[in-house]
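Engineer: Mind having a look at this structure? Questions to follow.
The values are calculated or read from the model by the stated rules, or taken from the named source; none is laboratory data. The structure displayed is predicted, hence computed values, not measured ones. Neighbour counts are summed over all protein chains in view; Cβ atoms, including those assigned to glycine, are modelled from backbone coordinates with ideal geometry. These accessible areas exclude ligands, DNA and RNA; they are computed on the full protein's heavy atoms, side chains included. Shrake-Rupley method; radii C 1.70, N 1.55, O 1.52, S 1.80 Å.
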Amino acid sequence: MQLLNTLYVTTADTYLRLDNDTLRVDVEQETRLRVPLHHLSAVVCFGHTGLSAPLMHRLAEGCIALVLLDDNGRFKARLEGAVSGNVLLRQAQFGRLADPAFTLDMARACVAGKIKNTRQVLQRGAREAKAEEEAKVLTRLADDLAASLRALTETTSLDVLRGIEGEAARQYFSGLNLLVRSESRAVFQMDGRTRRPPRDRFNAMLSFLYSMWMNDCRSALEAAGLDPQAGFLHALRPGRAALALDLMEEFRPWADRLALTLINRGQLTADDFVLREGGGVLLEPDARKAVVVAYQERKRDEINHPLLAQSVPLGLVPLVQARLMARAVRDDGAPYVPFVAK
């Protein structure tokens, strides 16, 4: 199934090898898991993971993506076989990059999707807040994001658009602490968004979840035949999957919501994190496993897709949105519509 065909390897010092046409997972020279390769579309490895050369060749031959991330979930490398995307679609995509009006419209749609979804997170928090003063703060922040949405329609340049997005993100993150249950706030307090490395436990969770959403968005774009490197909102840069970052913007709030759920239900505690010298914070190996399991379970949730007017598993939504991006690239009369949950 599309939702269950990614193998996430989070245990330190794991070794992956090819065993007939099966991926074998060894930990301390003991076989822990065997997965038939025909069940997989991607293998994502966190931290120090060993791989045999025959396995890497077989993955590439079977067009099974191999993604290497560091302990924080930061992208390191990706191995994939021959690209089978539509060359005419990619040619149209590169042509669109030279069209300032299309680039701005696409970037505006990505930012609008992100702000609408983050606003829903704050509005839900305001409804569920136990303290009236906190509800007022969250409502005010949600109103500020509504003003940012209105300002998007007047933007005439990418720089201005990115400025609006940055300010909206700052306002949003300033309210996330109020969505954490009061008894957990001291442990999971965050002072804005930090990364590379994350400086607190909340940011460590967000970085880890964002990395998984990023991988799924990149895979979805490749499946649709688009080049994940050639984006519209994020500046083009060697090694940066700019279009995957564009697509991921509307899904970041889903990562935030899952992080809040794990905290507020007590599924993760202070002991699940490592504080490193220099101020960086990492998830413990067992905690990474718990987050991966929760992420995979969340992807099974049925979500009403407003454009399709039907229920779709959340894990399939990036594939739907990637195809909508491809349609927008091909067809002048079909602007990109970001995914906004009802």
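Engineer: Among the residues in the stretch 230-249, are any basic (Lys, Arg) and in contact (Cβ under 8 Å) with a residue 40 or more places away in the chain?
Structural biologist: No; the residues of the stretch 230-249 include none that is basic (Lys, Arg) and in contact (Cβ under 8 Å) with a residue 40 or more places away in the chain.
Engineer: What is the one condition in (1) charged (D, E, K, R); (2) within 30 Å of ALA65 (Cβ to Cβ); (3) assigned to a loop (DSSP other than H, G, I, E, B) that ARG199 does not satisfy?
Structural biologist: (2)
Engineer: Mind telling me which of the residues ASP286, ASP256 ends up being out of contact with any Pro (no Cβ under 6 Å at 6 or more places or on another chain) and open to solvent by less than 10 Å² (accessible area, probe 1.4 Å)?
Structural biologist: Answer to the check: ASP256.
Engineer: If a residue must be surrounded by 18 or more Cβ atoms within 10 Å (Cβ to Cβ) and among the acidic types (Asp, Glu), how many such residues does the stretch 149-197 contain?
Structural biologist: Count: 1.
Engineer: Out of (1) over 21 Å from VAL121 (Cβ atoms); (2) free of Cβ contacts under 8 Å to residues at least 12 places away in the same chain, the odd one out for ARG288 is which?
Structural biologist: Result: ARG288 fails condition (2) only.
Engineer: Within the stretch 24-76, take every residue that is of a type in the set (D, E, K, R) and under 26 Å from LEU282 (Cβ atoms) and give me the one that is surrounded by the fewest Cβ atoms within 10 Å (Cβ to Cβ).
Structural biologist: GLU30
Engineer: Is it true that some residue in the stretch 87-107 is open to solvent by less than 20 Å² (accessible area, probe 1.4 Å), touching a His at 6+ places or on another chain (Cβ under 9 Å) and under 19 Å from LEU226 (Cα atoms)?
Structural biologist: yes
Engineer: Also, quick follow-up: Test of understanding: among SER174, SER207, SER219, which residue is modelled with pLDDT under 90, in a helix (DSSP H, G or I) and among the polar types (S, T, N, Q)?
Structural biologist: After applying the criteria, what remains is SER219.
Engineer: State all residues of the stretch 222-250 that are in contact with a Lys or Arg (Cβ under 7 Å, 6 or more places away or on another chain), among the small types (Gly, Ala, Ser) and either open to solvent by 10 Å² or more (accessible area, probe 1.4 Å) or in a helix (DSSP H, G or I) (or both); if no residue qualifies, say none.
Structural biologist: ALA224, ALA244
Engineer: Output the qualifying pairs, or none if there are none: Cβ atoms under 8 angstrom, residues six or more apart or on different chains, first residue in the stretch 55-66 and farther than 12 Å from LEU37 by Cβ and touching a residue at least 12 places away in the same chain (Cβ under 8 Å), second residue assigned to a helix (DSSP H, G or I) and polar (S, T, N, Q).
Structural biologist: Every condition considered, the pairs that remain are ALA65/SER219.
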